[in-house]
Amino acid sequence: MSAHPNTPTLSRYDVEAGSGWDHIVSLTVEACLHRSEGRERIAAKIVQERLPAAIRAWSLACGASAASCKESLKAMFSRVREQVAIASVQRRLILAELTARAPAPAERAAPLRSAAAPVCLRERIRFDDVSGMLDALAGAEADCASSRPAEAFETTRLALSV
């Protein structure tokens, strides 16, 4: 399929503009992401079933020559593959860093008071005194927060559940 010699070639901006092009890019990114995450069947379905129709519709609508369309598609495919590869490496590095920084399971599960343990407030608060309850809880939380943050949270949770 060669273009007529007098067919004007469009700039990359003209070729890539429009929702048809955006749809092709979106499908390509989706397929590359699925492939990088090991979901080959989903990626293949996008590449074999959805992408050809989108490319066909875009290439007919954009008015560029077949060679120009192929060039734009090749450049975009290459760019998206590179971006997804970089994103995959970044994701692995970030996850490794977060995993390394996360406390060990034993450290995360600090022992909390049981739900049956009484909450010790400095003063007795009437049940219908909401602002008094909030002030007392804030005081109890401040007392515990400096030495035992998990216990302060549990004290607040228990007092609110009463």
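Values quoted throughout were computed directly from the atomic coordinates according to the rules given, and no laboratory measurement underlies them. This one's a predicted model, so the numbers in the text were calculated from it and none came from an experiment. Backbone-built Cβ (ideal geometry, glycine too); neighbour counts: all protein chains shown.
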In whole Hz, the Karplus estimates of ³J(HN,Hα) for segment 98-103 (6.51, -1.76, 1.60; θ = phi - 60°; x where Gly or Pro) are 5, 5, 5, 7, 5, x
Counting other beta carbons within 10 Å of each Cβ, put 99, 28 in order, fewest first. 99, 28
If I model a spin label as a point 7 Å beyond the Cα along the Cα-Cβ vector, how far apart are those points for residue 61 and residue 99 in nm? 4.3 nm
May I ask you to list the GluC sites (Glu not before Pro) in segment 37-98 that are in a DSSP loop and have at most 13 other Cβ atoms within 10 Å of their Cβ? 37
How compact is segment 12-101 by the rule of thumb for globular proteins, expressed as Cα Rg over 2.2 N^0.38 Å? 1.28
Taking the Cβ-Cβ separation of residue 138 and residue 87 as r and a Förster radius of 35 Å, what is the calculated FRET efficiency to the nearest 0.05? 0.20
Treat the count of other C-beta atoms within 10 Å as a stand-in for reagent exposure and order 131, 26, 68 from fewest to most. 131, 26, 68
